[in-house]
Number of protein chains: 4
Amino acid sequence: MLSLRGIFPPIPTPFRQDESLDLENLKANLARWNDEPLAGYVVAGSNGEAVALSSEERFQLVGAARAAIREDRLLIAGAGAESTRQTIELTEGMRREGADAVIVVTPSYYGPRLDDTALLDHYLKVADASQLPVVLYNVPVYTGLDLPARVVRELATHENIIGIKESGGSIAKMDSMVNGTPAEFQLLSGSASFFLAALVVGAVGVVPALGCLAAERISALLLAYESGNLDTAREIQASLVAPNEAITSKFGIAGLKAALDLIGFYGGPVRAPLQAITQEERAILEDTLAEADLI
Amino acid sequence: MLSLRGIFPPIPTPFRQDESLDLENLKANLARWNDEPLAGYVVAGSNGEAVALSSEERFQLVGAARAAIREDRLLIAGAGAESTRQTIELTEGMRREGADAVIVVTPSYYGPRLDDTALLDHYLKVADASQLPVVLYNVPVYTGLDLPARVVRELATHENIIGIKESGGSIAKMDSMVNGTPAEFQLLSGSASFFLAALVVGAVGVVPALGCLAAERISALLLAYESGNLDTAREIQASLVAPNEAITSKFGIAGLKAALDLIGFYGGPVRAPLQAITQEERAILEDTLAEADLI
Amino acid sequence: MLSLRGIFPPIPTPFRQDESLDLENLKANLARWNDEPLAGYVVAGSNGEAVALSSEERFQLVGAARAAIREDRLLIAGAGAESTRQTIELTEGMRREGADAVIVVTPSYYGPRLDDTALLDHYLKVADASQLPVVLYNVPVYTGLDLPARVVRELATHENIIGIKESGGSIAKMDSMVNGTPAEFQLLSGSASFFLAALVVGAVGVVPALGCLAAERISALLLAYESGNLDTAREIQASLVAPNEAITSKFGIAGLKAALDLIGFYGGPVRAPLQAITQEERAILEDTLAEADLI
Amino acid sequence: MLSLRGIFPPIPTPFRQDESLDLENLKANLARWNDEPLAGYVVAGSNGEAVALSSEERFQLVGAARAAIREDRLLIAGAGAESTRQTIELTEGMRREGADAVIVVTPSYYGPRLDDTALLDHYLKVADASQLPVVLYNVPVYTGLDLPARVVRELATHENIIGIKESGGSIAKMDSMVNGTPAEFQLLSGSASFFLAALVVGAVGVVPALGCLAAERISALLLAYESGNLDTAREIQASLVAPNEAITSKFGIAGLKAALDLIGFYGGPVRAPLQAITQEERAILEDTLAEADLI
């Protein structure tokens, strides 16, 4: 069983100014992240603008990332799509490219029709077909759909479904997923902003956008928690809320990329229709990061 | 300027039992629809399960449809995608396949970041790049995003943006779009269920799922309205609400396909995770259609 | 059976600068409205800030309005409350104060528990207990709850439930309510902004905030429609959308009151936490009304 | 400064079979709760069906509760209403009846108009006028409105606003409220289901519906957490999720009342339009409570 303990930042996808894939800068970024205290990476996820990539680009991205990622680290590849069929194809492609696991966001376009039966059918077919372990992924802010805890509990009994990234932020739901599922089923906090609370109810790891900027800080939180230093963990957690908000709900992926540029990684442009942040927003972002001692 | 007057059913995409594209049955369906009083077809739209198709499949579908559609009818091809880049590629592909216009649903995944600026930027870039006329497409029930009327009014001044399919159902919004836009900008009702109301505020046509089953009825509504027989139009309109609901919000695309099967077209399966309707639902559907004299 | 044909503006409740009830200005306003082509008034409704009034104030308001309203016009009093018990008490009080009918907004606070059974139970008990005819009232923008058409169809068979004010704006829903209910059941458009569309599917009247400012215009729309002059009706309808938006979704009740002040009625302050509109908003409002020839 | 440390169950309001206030059973319930490890009670809150009570009934309820509550325990009275004016009147009435503090839910009916300015204005006026300390109350599931953290941070500097009951469940928001506010500002978890997570980010107490049934269990959680026994706290927390859900989101206040009846307190009926739970639901509820060792 693959362990999901640790920090798995969902890395952004670097683009050149013309919005084409920039695999050189991907490798350069990963070379630096390889020195940070991370357990692996989520590649081609929501934060990687996966929905704006073609399947071919998603494969290229994962292949290039695999070549640049340290051997002892996991590559979890985003393989979600609206149809079960496409999802299975993406899953197979990600295996060919060297991913260690796939992370599969809920379909959502036909949301009013995606009842428990449809969601169970989708994930069970994907898990049956996939040669890689499957991580569920729930992110209502993007999908408008909240994968019900009862569905997760049922899916957790499938031997090829090893965990879930929960970005919805409901701690009670996380608690009920951890406690209603086999011990092997692993919960990943979908954000640094509620990581400590997620740990307390049984999460083993986190997929934090903020991990691209603050891996040491988040790792220190995890170690403090695991070694029983709750006060230290609380203090660190409190320091993460404002910078996390700046690069997620407040300024989005363009904010995260701008922050990477600020600290010497390659951030670069987002793909349209996403828009670069304004100069004014950049100033606020810089202040927020500085106040949090992240630059 | 392409006229959008008339009935443009958004046709479902036929699949074989293994969920692969069934272009033979597509052609057979179109051969029958060619005898119905329609002005054209929307191919590879929401109702065509476009989000569950690969780009290649979307092109095949449109190419095959083109070959089967009467010369005097329009083929409006769905070319929406999450990125501006992909949308432009789809638009160009649809032109190659013989489409007469493209219909472009709003991007939506990064909804919280898709403000007016982003939406304007998206559609203006697409309209500039496209060699085909562009029809905007707003469908909040699927996208969770409502394209603001003020954005539509601004887009309507672009010479390559010829209209909008509005599925949101707000008549006041439709009114404000028609009255705030150039006379050439054409409004299409996104549903048969509010077609007459849309006509009254200035719509010229309709993109009705129900048009796959009831083209004559909907055409009669249009003719009655245009010739001043409002009472007849009202009577027809009233007869459309229940069957329309059955094949849209109530039973979804699987309901529409089941209805096609019931009346001798090829409906066939939906792609997972969409699910076939149950026997019980089929019975309700059949009753609803029978009561509306549609079978 | 009380006829609901015509225009019934939901009048705002005048307050003095200290936010106390100003019944003198209520009477002065009504004296002017009595000369306008109206069929009656909705008093102590959403637009009347009823939720900000005590029961005693609601009764005073209705009593004072009764004394000031022409005999040949209807007074429809808002009697909605969160509990069935309170609603029945309000209904009885409104009868004592001389109301001709009550209008009862859906309860909503415990929305997740207000299923069909609860809503049916509520309205049937109210209708059984009320000595006045009952008008249902659905306004999702305020309540977050959409009274289902199937519930309305069932309620419409009760002899004391004479109609519904539908503010949700879905024409298809209105159509299905009119066509699935007894001929005596009367539909009132909840807004001037979709009045013509509502008429087309069978509405008999309208409860328009804009009716406080533009009674003649809205009345002319109704007469044009009823006499078969659809083009005139359409033209008038188009002219109502912008000013209607200004005094509802855009600037709210404070906007309506400011507009009344602008045209010589008494608008006055709103009750906190509602806020007066700003000077800048007032300028926009004035422009909008001027452009629509309403001042 | 009043300390909000501890467990403050929001007690339901007992009604007789005819739905009238049953103050005798209120006293009997309180006599039993007085022996439980509680710090006080919230009376006439959401869970007390306050929106279904008249102001007079709310005062009677609080007066009767005061007489029955141990001297060393706090009575926090619900004083929320839609207008600032009513809220201030309720606040003053609650003081007369002997409440120690008031808890003030956000207004919500005119939600689209309740921006930061309106919310600040409301709470500042209430806090200025109130002779009792004020606790803010945010409960989006009922109000459809989420009091922004930035507004809370600003309100927290008012000396008469001593804390907030946060029922929205976002731990990141709670963290940002605790860390952005003066040390004296006290956070109350709005539910037992995320109490431990709330403690970890700095909450001092909880207002748990489940506290009516499981005071000892929740108190043990608090003590375990405060004495550094995180494992024990986690175990207890996990045991609370299912029973908490049963008496809140699943079966609502009727479920809580039924649960009280099951364990020998007086639950009794809810006020219409709320409905009693069915026999089938009661069986599920009983099973859930039994599995959690609460009966």
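Computed values, structure above
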item	result
Projected area, mean over directions - the stretch D:130-224, Cα convex hull, nm²	6.4
Relative contact order [Cα under 8 Å, 6+ residues apart], the stretch C:6-230, whole percent	19
Solvent-accessible surface ranking, highest first, for D:Thr288, A:Thr232 at 1.4 angstrom	A:Thr232, D:Thr288
Separation of the A:Glu24 and B:Glu184 label points, Cα + 7 Å toward Cβ, nm	4.5
In sequence order, calculated HN-Hα J values of the stretch A:277-290 (Karplus, 6.51, -1.76, 1.60; Hz; x Gly/Pro)	6, 7, 4, 5, 5, 4, 5, 5, 4, 4, 4, 5, 5, 5
Net charge, B:Asp116 excluded, C-beta distance under 14 Å - Lys, Arg +1, Asp, Glu -1	-1
Rounded D (µm²/s) - the stretch C:85-157, Kirkwood Rh over Cα pairs, Stokes-Einstein at 25 °C, 0.890 mPa s	194
Qualifying GluC sites (Glu not before Pro) for the stretch C:66-100 [loop in DSSP, other Cβ within 10 Å: at most 16]	C:Glu71
From phi via Karplus (6.51, -1.76, 1.60), per-residue ³J(HN,Hα) for the stretch A:193-204 in Hz, x at Gly/Pro	6, 10, 5, 4, 4, 5, 4, 4, 8, x, 5, 10
For chain D, built as a Gaussian network whose Cα springs stay under 10 Å, the top-fluctuating residue of D:Ala259, D:Ala127, D:Ala31	D:Ala31
Per residue, in Å², the accessible surface of the protein assembly as shown once ligands and nucleic acids are set aside, probe 1.4 Å	34
Estimated vicinal HN-Hα couplings, Hz - the stretch D:108-119 in sequence order (Karplus 6.51, -1.76, 1.60; Gly, Pro = x)	8, 4, 8, x, x, 9, 8, 7, 3, 4, 5, 5
Accessible surface of the stretch D:6-230 [probe 1.4 Å, protein heavy atoms]: carbon and sulfur percent	47
For D:Tyr266, net neighbour charge (Lys/Arg +1, Asp/Glu -1) across residues whose Cβ lies under 11 Å away	+1
Qualifying lysines (Cα of each under 18 Å from Cα of B:Lys165; at least 8 residues distant if same chain)	B:Lys173
Positions from the stretch A:109-126 whose accessible area shrinks by 50 Å² or more when the full protein complex is built, not the chain alone, probe 1.4 Å	A:Tyr109, A:Tyr110, A:Arg113
Cα point-scatterer Debye curve for the stretch D:1-155, base-10 log of I(q)/I(0) at q = 0.08, 0.11, 0.14 Å⁻¹	-0.22, -0.41, -0.67
Positions from the stretch D:85-104 whose accessible area shrinks by 20 Å² or more when the full protein complex is built, not the chain alone, probe 1.4 Å	D:Arg85, D:Gln86
Whole-angstrom gap from the stretch D:33-54 to the stretch C:200-225, using each part's C-alpha centre	48
Reduced Cα scattering model of the protein assembly as shown, Debye log10 I(q)/I(0), q = 0.06 Å⁻¹	-0.51
Over the protein assembly as shown: helical MRE at 222 nm, DSSP H runs n ≥ 4 each giving -39500 (n - 2.57), nearest 500	-13500 deg cm²/dmol
Buried on assembly, the stretch D:156-197 (at least 10 Å² less accessible surface than by itself, 1.4 Å probe)	D:Gly169, D:Ile171, D:Ala172, D:Asp175, D:Ser176, D:Asn179, D:Ser193, D:Phe194, D:Leu196, D:Ala197
Loop-located GluC sites (Glu not before Pro) in the stretch A:127-221 whose Cβ has at most 16 other Cβ within 10 Å (DSSP)	A:Glu159, A:Glu184
Scattering profile of the stretch C:199-255 at q = 0.13, 0.14, 0.29 Å⁻¹ [log10 I(q)/I(0), Debye over alpha-carbon scatterers]	-0.33, -0.38, -1.22
Efficiency of FRET from Cβ geometry, A:Thr232 and A:Arg70, R₀ 25 Å, rounded to 0.05	0.35
Dipole magnitude of the protein assembly as shown, debye to nearest 20 (Cβ charges: Lys/Arg +1, Asp/Glu -1, about Cα centre)	0
Residues of the stretch A:34-71 with amide N under 11 Å of a point placed 7 Å along Cα→Cβ from A:Arg96	A:56, A:59-60
Gaussian network model of chain D, springs between alpha carbon atoms under 10 Å - residue of D:Ala283, D:Ala99, D:Ala220 with greatest fluctuation	D:Ala283
Solvent-accessible area buried by pairing A with B, both sides, nearest 100 square angstrom, 1.4 angstrom probe	3300
Kirkwood hydrodynamic radius of chain D, from inverse mean 1/r over distinct Cα pairs, in Å	19.0
In nm, spacing of pseudo-spin labels at C:Ala276 and C:Gln17 (7 Å Cα→C-beta vector)	0.9
A:Ile284-A:Arg150 FRET efficiency (beta carbon distance; Förster radius 56 Å; 0.05 resolution)	0.85
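The values are calculated or read from the model by the stated rules, or taken from the named source; none is laboratory data. Small disclaimer: the values here were computed from a predicted structure and weren't measured. Note that each Cβ is placed from the backbone with ideal geometry, even for glycine, and that neighbours are counted across all protein chains shown. The accessibility values were calculated without ligands, DNA or RNA, using every heavy atom of the protein model including side chains. Shrake-Rupley method; radii C 1.70, N 1.55, O 1.52, S 1.80 Å.
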